[in-house]
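K.L.:
My structure is below; once you've seen it, I'll send some questions.
The values are calculated or read from the model by the stated rules, or taken from the named source; none is laboratory data. Note that the structure is a prediction, hence the values are computed from the model and not measured. Note: ideal-geometry Cβ built from the backbone for every residue, glycine included; neighbour counts use all protein chains shown.
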Amino acid sequence: MDSKLYNATMEGNINILKLIAEHLNLQLTPNKNTVLHIAALFGQTECAKDILKMNSSLLCQTNVKGGTALHLAVREGQQDSVDALIKYAKKLDAEGSVELESGSTMTKKMLRATNEDGNTTLHNVVRLYSHRIKLHRFKTFAVLVPKPNSIRLLAEDPEYTYRANNAGETPLYIAAKRRHHQVVSQILKTCTAPAYGGPGGRTALHVTVISNNEGPDHLAGHDNGGSGRWSRWWWRWYWASVDCCGDGDDVMEVVTTTYKRD
């Protein structure tokens with residue numbers, strides 16, 4: 001892909017792209033990003049829509065790191081592009097214009113696609129949840145801001161388990177580990193059978209907050225191999241230690257070692 005085409009896509013200049021409409025899938029950057037990757041990356045939503053009209057096969061085409069255009073849109077927090085890509089995939093499913101394996105759809109194929117790290121777009125959404133600090137009189141508190149909205153992804157494929165990535169982490173485990181309570185609740189309420197394992201034999205139940213949060217109550221009812229004997233007292237002690245020491249893994253090791261002695 002030459003710089004002229006790259007810049008045209010980055011700026012949303014669809015007229016340049018129309019000149020090579022039949023060969024869009026052959027236009028690649030050194031990292032094997034397609035024009036759809038670039039449009040999604042820079043939030044050129046209308047351009048992305050036009051690109052898909054010319055070549056819908058780009059929807060699930062991956063770059064050198066195994067990422068789809070949706071992976072890049074999620075990474076950059078381009079919510080409009082995320083919505084447009086999902087909407088177009090659903091359109092293809094409704095038309096039945098793409099032949100896939102029995103029981104599969106283009107929407108599922110796109111949402112379940114994993115990059116070289118084994119991450120689906122939901123893994124990345126959970127990881128990219130951001131904190132916005134708000135001030136209220138003499139107090140400060142963090143508000144979680146979805147980037148982009150994880151519910152949007154979950155609602156399109158609620159039956160999928162979202163298995164662990166190459167690091168052994170499921171989206172639910174990542175959300176619990178990062179104390180993204182809203183996301184934990186979203187996943188448990190939306191997904192019918194979410195996987196929640198983590199590395200070292202731990203589960204999301206082992207790394208979530210118990211006090212003053214509905215997510216852990218859901219997790220307690222979905223215990224997937226984690227010890228049911230973990231009590232609220234242990235969790236309060238664990239998180240107090242994390243807040244004090246700043247290293248969840250080290251504190252967890254102390255907690256589990258002490259707990260085994262009991």
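Yes or no, residue by residue, for (1) at pLDDT 90 or above; (2) touching a helix residue (DSSP H, G or I) at 6+ places or on another chain (Cβ under 9 Å):
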position: Thr114; (1), (2): yes, yes
position: Val126; (1), (2): no, yes
position: Ser150; (1), (2): no, yes
position: Arg163; (1), (2): yes, no
position: Gln186; (1), (2): no, yes
position: Gly200; (1), (2): no, yes
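K.L.:
Can I ask one more? Consider Val64 against the criteria (1) in a helix (DSSP H, G or I); (2) touching a residue at least 12 places away in the same chain (Cβ under 8 Å): it satisfies all of them except one. Which criterion is unmet?
P.N.:
For Val64, the exception is condition (1).
Residues checked against (1) within 14 Å of Leu85 (Cβ to Cβ); (2) not polar (S, T, N, Q):
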| residue | (1), (2) |
| --- | --- |
| Asn13 | no, no |
| Ala21 | no, yes |
| Leu28 | no, yes |
| Lys32 | no, yes |
| Leu41 | yes, yes |
| Gln44 | yes, no |
| Asp50 | yes, yes |
| Asn55 | yes, no |
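K.L.:
Now for a different question. Could you grab me the full set of residues in the stretch 20-43 that are surrounded by fewer than 24 Cβ atoms within 10 Å (Cβ to Cβ) and in a loop (DSSP other than H, G, I, E, B)?
P.N.:
Ile20, Gln27, Leu28, Thr29, Pro30, Asn31, Lys32, Phe42, Gly43 - these are the residues of the stretch 20-43 that are surrounded by fewer than 24 Cβ atoms within 10 Å (Cβ to Cβ) and in a loop (DSSP other than H, G, I, E, B).
K.L.:
All but one of (1) in contact with a strand residue (DSSP E or B) (Cβ under 9 Å, 6 or more places away or on another chain); (2) part of a helix (DSSP H, G or I) hold for Ile86; state the number of the condition that does not hold.
P.N.:
(1)
K.L.:
Right, here's the next one. Determine if the stretch 80-89 includes at least one residue that is farther than 20 Å from Leu154 by Cβ and within 20 Å of the chain's Cα centre (by Cα). Before the answer, list the steps.
P.N.:
Here is the first cut: in the stretch 80-89, the residues farther than 20 Å from Leu154 by Cβ are none.
No, the stretch 80-89 contains no residue that is farther than 20 Å from Leu154 by Cβ and within 20 Å of the chain's Cα centre (by Cα).
K.L.:
If you check every pair at least six apart or on different chains, which have Cβ atoms under 7 Å apart with a residue in the stretch 18-37 that is within 11 Å of Leu58 (Cβ to Cβ) first and a residue that is among the small types (Gly, Ala, Ser) second?
P.N.:
Correct list of pairs: Asn25/Ser57; Leu36/Ala48; Leu36/Ala69; His37/Ala69.
K.L.:
How many residues does the stretch 84-112 contain that are in contact with a helix residue (DSSP H, G or I) (Cβ under 7 Å, 6 or more places away or on another chain) and closer than 23 Å to Cys47 by Cβ?
P.N.:
14
K.L.:
For Lys87, are the conditions met, namely being in the same structural domain as Leu26 (by TED's automatic domain parsing), more than 24 Å from Glu22 (Cβ to Cβ), surrounded by fewer than 22 Cβ atoms within 10 Å (Cβ to Cβ) and touching a residue at least 40 places away in the same chain (Cβ under 8 Å)?
P.N.:
no
Rundown of residues vs (1) surrounded by 21 or more Cβ atoms within 10 Å (Cβ to Cβ); (2) modelled with pLDDT of 50 or more; (3) β-branched (Val, Ile, Thr), yes/no style:
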residue: Leu122; (1), (2), (3): yes, yes, no
residue: Ser130; (1), (2), (3): no, yes, no
residue: Val145; (1), (2), (3): no, yes, yes
residue: Ala175; (1), (2), (3): yes, yes, no
residue: His180; (1), (2), (3): yes, yes, no
residue: Ala204; (1), (2), (3): yes, yes, no
residue: Val207; (1), (2), (3): yes, yes, yes
residue: Ser211; (1), (2), (3): no, no, no
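K.L.:
Which numbered condition trips up Gly77, out of (1) in contact (Cβ under 8 Å) with a residue 60 or more places away in the chain; (2) assigned to a helix (DSSP H, G or I)?
P.N.:
The failed condition is (2).
K.L.:
I'm trying to understand the selection: among the residues of the stretch 45-57, which are under 19 Å from Thr121 (Cα atoms), modelled with pLDDT of 95 or more and either more than 20 Å from the chain's Cα centre (by Cα) or outside the structural domain of Thr107 (by TED's automatic domain parsing) (or both)?
P.N.:
Residue satisfying the conditions is Ala48 alone.
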